[in-house]
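Enquirer: Mind having a look at this structure? Questions to follow.
The values are calculated or read from the model by the stated rules, or taken from the named source; none is laboratory data. Note that this is a predicted model, so its numbers are computed, not measured. Every residue, glycine as well, gets a Cβ built from its backbone with ideal geometry; the counts of neighbours run over all protein chains shown. Calculation scope for accessible area: heavy atoms of the full protein, side chains included, ligands and nucleic acids excluded. Shrake-Rupley method; radii C 1.70, N 1.55, O 1.52, S 1.80 Å.
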Amino acid sequence: MSTFIKYTHKHNYYLILGLILFLINPGFSTDFSFRLTPEVVLPLNQNQSIAIDQSYGGVINADLNLFNFLTVGPELSFQLYKTDYSKDFSTTLGTGISTGVYFAPFSRLMLSVNGSIGMYFGVYEFGKSGADSTIIDAEKMNYMMNNIYYRGFADLSFRVNPNFTIGLEAGYTDYIFDKNQSLFSGLQAGLTTKLTIETKKYHNKIELDLLQEENIYPLFASSYKEYPLAYVYLTNRNNAEIRNLRVSYKADKYTSSAFVCKEVKSLQKNKSVEIPLMADFSTELFQFSENGQFPGQVIIEYSLLGKKYTEIKEVVISSYNRNTFNWSDPEGIVSLISPNDGAALELSKTVIGIVRDDVHLGINQNLEYSMALFESLNTMGIIYERDLQTPYDEYHYLDDVDYIQFPYQTMTYKAGDCDDLAVLYASMLSSVGIKSALLFTEDDVICGIDLKISASSASKQFSSLDRLVSIDDVLYLPVSMKKLGKGYFEAWNTALDEINTSEELIVTVVSDAWENYTPIGLSEKAVFELPNEKDLRKRIASSYNKYQKNEIVPLGKALLKVYKEDPTDTNSNAVGMAYLRMGNYDQALTWFGKAAANDNVAAMSNMGQLYLLKNDFTNAKKYFEKVLAINPEHSGALQGMERLNNQQIGSGE
């Protein structure tokens, strides 16, 4: 007996490769899987195959599942086939290595693409089968053979549960016979079942680890809807991937609602994901007068193999007290400034009610109101006092926590550092509709008052435009909060000196900064006494006299000089305005009259306003009507007529 099979090269290195892969560190795997696949191979080209019909068999795979997407492991195969030389089935046994990738496009469907290569060993039956047989006078003979086989296949499986799947497999198989011919090759199809054996114990839940690097700041409560207050790390300890992961956070009374922090499409088992923890905090957070902690819940919603689950994890968040501030972004101080702050609103409304009827014609209203508000703090005895524990002049350089008072606290304590006083004063200004800016120097916080005035108008009310500060083309009058006890005019002069000599000047426009930091506006009442009305009026008069003496009088002298050089109606009206601001109404009427005689509209309107102030309704009406005869849309005259009618009704005329 002899064999004619010559193509029998050794390919044992494939088996060695398979053994190495099989023995790699199992720490990379999550579990083992065993697959059993009965199959049939349909020949594609029988002229190049010894087998004359389909072959039947099955494959057993033992896989290591690596990285939640890769499989590798040995396989055993068994095949039955027929040839032209025998009516009986011949057999092969194969062993090789298989590898593939898999993923789950849907919750219960698993798709994998695989490839295998190995050696087969078989018994080839040789015998006479017909008149045209190539073997003549031969008895049935058995020949041993071995060679390479390979196959590529894909399967689509249904996951009955995380550990058991059943599905369909299809691919291509080729058992090589020699260089020119296959033992059999063609399309393979089969039914596959897979059993997974877990190497780790799964808890069927989500593990959570919390990382909070710093306490939260109640002052910046609204910002935690955009910026994380902490991070949670979720690890999937279920025995399959989870899908549609949705993580929310709430903390009972400290949050207004459960806030969705992040949504994750899928998370493989034993894998972790970082979730930024964010929150929609309520005003209850501002009840933290001391550093403390509060409980909260991380709500984890997900689906596992199509079924929805919800897990709630308890976490504890650490918080600073409500006065804690960090100077890493000075702009954040505007969180303490609010037009709705209860204490500041009560005080400012009272003060404006006292001085509203005492305003001076021709004087910028924001200047007069800001002067009155500033002097009300002096009248109440509120003073600048350097904070000995966290002084502004040291702490605003540091990336460290500072303590800044709310307005009601400063009013209650009757003292504060320059940053505390700036918060109080800016809150009072905003409560009566006056915008402000904060200018931070090395050792002071300057409050700038938006005068709502153009440069041309300012040049008629101040001795020089250098007396004001321009921020984004808006003119502000600056006052130093360190000079609160010295009066408005002194605080103004000091602020200008500090701005001109400061090596470090940081500017924050309050209304602009509110776009990033929401004003809190505590409604708590301050324990304070309203300023004495008589003392308040006295302080305001003193400050106004200083303003008049140092700004208006020099300006009036300069305007007189200009008029002498150029005696126009416009310059005459300007001199009249200077006398009006100085309170010299008779001189003002004289100079307005010179221009009004030539039908100067501005001068006639000013005369009407001044006569109205003197309760001379006849002359007031006369000049307003003259203005409206020339310009029916003149706003000053229209408003003057309205006030005139109201005052006449009130007086019974």
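Enquirer: Under 6 Å between Cβ atoms, at least 6 apart or on separate chains: pull out the pairs that start in the stretch 512-540 with a residue that is more than 22 Å from residue 287 (Cα to Cα) and end on any residue that is open to solvent by 40 Å² or more (accessible area, probe 1.4 Å) and not charged (D, E, K, R).
Expert: These pairs meet every condition: 530/350.
Enquirer: Same structure again: Name the single residue that is most open to solvent (accessible area, probe 1.4 Å) among those in the stretch 176-207 being under 19 Å from residue 61 (Cα atoms) and among the hydroxyl-bearing types (Ser, Thr, Tyr).
Expert: Among residues in the stretch 176-207 that are under 19 Å from residue 61 (Cα atoms) and among the hydroxyl-bearing types (Ser, Thr, Tyr), the one most open to solvent (accessible area, probe 1.4 Å) is 199.
Enquirer: Go through the stretch 286-357 and tell me which strands (runs of 3 or more DSSP E), entirely inside it, have 2 or more residues that are hydroxyl-bearing (Ser, Thr, Tyr).
Expert: Ranges flagged: 292-304, 307-319.
Enquirer: Another one. Does at least one position in the stretch 22-34 carry a residue that is among the acidic types (Asp, Glu) and either open to solvent by 10 Å² or more (accessible area, probe 1.4 Å) or modelled with pLDDT of 85 or more (or both)?
Expert: Looking for residues that are among the acidic types (Asp, Glu) and either open to solvent by 10 Å² or more (accessible area, probe 1.4 Å) or modelled with pLDDT of 85 or more (or both), one finds none in the stretch 22-34, hence no.
Enquirer: I've got another one for you. Only residues that are touching a strand residue (DSSP E or B) at 6+ places or on another chain (Cβ under 9 Å) and open to solvent by less than 60 Å² (accessible area, probe 1.4 Å): list them for the stretch 504-545, please.
Expert: Residues satisfying the conditions are 504, 508, 509, 510, 511, 513.
Enquirer: So residue 347 fits all but one of (1) over 30 Å from residue 209 (Cβ atoms); (2) surrounded by fewer than 18 Cβ atoms within 10 Å (Cβ to Cβ); (3) hydrophobic (A, V, I, L, M, F, W, C); what number is the exception?
Expert: Of (1) over 30 Å from residue 209 (Cβ atoms); (2) surrounded by fewer than 18 Cβ atoms within 10 Å (Cβ to Cβ); (3) hydrophobic (A, V, I, L, M, F, W, C), only one is false for residue 347: (2).
Enquirer: Looking for something among the hydrophobic types (A, V, I, L, M, F, W, C), over 24 Å from residue 196 (Cα atoms) and at pLDDT below 80 - is there at least one such residue anywhere in the stretch 51-59?
Expert: Checking the stretch 51-59: at least one residue is among the hydrophobic types (A, V, I, L, M, F, W, C), over 24 Å from residue 196 (Cα atoms) and at pLDDT below 80.
Enquirer: Listed residues 560, 484; which is aliphatic (A, V, I, L, M) and buried (at least 22 other Cβ atoms within 10 Å of the Cβ)?
Expert: 484
Enquirer: I'd like to know if the stretch 463-470 contains one or more residues that are open to solvent by less than 10 Å² (accessible area, probe 1.4 Å) and under 34 Å from the mean Cα position of the chain (by Cα).
Expert: Checked the stretch 463-470: no residue is open to solvent by less than 10 Å² (accessible area, probe 1.4 Å) and under 34 Å from the mean Cα position of the chain (by Cα).
Per-residue answers, yes or no, for (1) modelled with pLDDT of 80 or more; (2) loosely packed, with under 15 Cβ neighbours inside 10 Å; (3) more than 30 Å from residue 284 (Cβ to Cβ):
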| position | (1), (2), (3) |
| --- | --- |
| 122 | yes, no, yes |
| 138 | no, yes, yes |
| 150 | yes, no, yes |
| 163 | yes, no, yes |
| 168 | yes, yes, yes |
| 171 | yes, no, yes |
| 174 | yes, no, yes |
| 217 | yes, no, no |
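Enquirer: Is it the case, given these coordinates, that residue 376 is closer than 24 Å to residue 532 by Cα, open to solvent by less than 10 Å² (accessible area, probe 1.4 Å), modelled with pLDDT of 95 or more and under 28 Å from the mean Cα position of the chain (by Cα)?
Expert: no
Enquirer: So which residues in the stretch 379-400 are open to solvent by 50 Å² or more (accessible area, probe 1.4 Å), aliphatic (A, V, I, L, M) and in a loop (DSSP other than H, G, I, E, B)?
Expert: Hits for the stretch 379-400 are 388, 398.
Enquirer: Right, something else. Restrict the check to the stretch 588-600 and report whether at least one residue is exposed (fewer than 15 other Cβ atoms within 10 Å of the Cβ) and hydrophobic (A, V, I, L, M, F, W, C).
Expert: Yes, the stretch 588-600 contains a residue that is exposed (fewer than 15 other Cβ atoms within 10 Å of the Cβ) and hydrophobic (A, V, I, L, M, F, W, C).
Enquirer: I would also like to ask the following. Read through the list (1) open to solvent by 40 Å² or more (accessible area, probe 1.4 Å); (2) closer than 20 Å to residue 358 by Cβ; (3) of a type outside the set (S, T, N, Q); (4) within 55 Å of the chain's Cα centre (by Cα), then give the number of the only condition that residue 554 fails.
Expert: Every listed condition holds for residue 554 apart from (2).
Enquirer: Got a number for residues in the stretch 459-481 being more than 22 Å from residue 442 (Cα to Cα) and touching a residue at least 40 places away in the same chain (Cβ under 8 Å)?
Expert: Count: 4.
Enquirer: Pull up the stretch 607-632, narrow it to residues that are touching a residue at least 60 places away in the same chain (Cβ under 8 Å) and crowded, with 19+ Cβ neighbours inside 10 Å, then point me to the one that is farthest from the chain's Cα centre (by Cα).
Expert: 610
Enquirer: When you go through (1) farther than 28 Å from residue 544 by Cα; (2) within 58 Å of the chain's Cα centre (by Cα); (3) surrounded by 21 or more Cβ atoms within 10 Å (Cβ to Cβ) one by one for residue 580, which number turns out not to apply?
Expert: So residue 580 meets the others, but not (1).
Enquirer: Return the pair list, or none, for Cβ contacts closer than 6 Å from residues in the stretch 482-503 that are without any contact (Cβ under 8 Å) to a residue 60 or more places away in the chain and under 12 Å from residue 418 (Cβ atoms) to residues that are outside any helix (DSSP H, G or I) and open to solvent by less than 40 Å² (accessible area, probe 1.4 Å), at least 6 apart or on different chains.
Expert: 494/480; 495/446; 495/478; 495/479; 495/480; 498/441; 498/444
Enquirer: Among the residues of the stretch 96-110, is any open to solvent by 50 Å² or more (accessible area, probe 1.4 Å) and at pLDDT below 80?
Expert: no
Enquirer: List pairs: first in the stretch 211-224 and under 9 Å from residue 324 (Cβ atoms), second in a loop (DSSP other than H, G, I, E, B) and of a type in the set (Lys, Arg), Cβ under 7 Å, 6+ apart or cross-chain?
Expert: Short answer, once both residue conditions are applied: 218/322; 219/322.
Enquirer: Can you tell which of 424, 451 is farther than 23 Å from residue 335 by Cβ, touching a residue at least 12 places away in the same chain (Cβ under 8 Å) and open to solvent by less than 40 Å² (accessible area, probe 1.4 Å)?
Expert: Criteria check complete, one pass: 451.
Enquirer: Keeping to the stretch 350-360, report how many residues are in contact (Cβ under 8 Å) with a residue 60 or more places away in the chain, within 14 Å of residue 544 (Cβ to Cβ) and open to solvent by 40 Å² or more (accessible area, probe 1.4 Å).
Expert: 2
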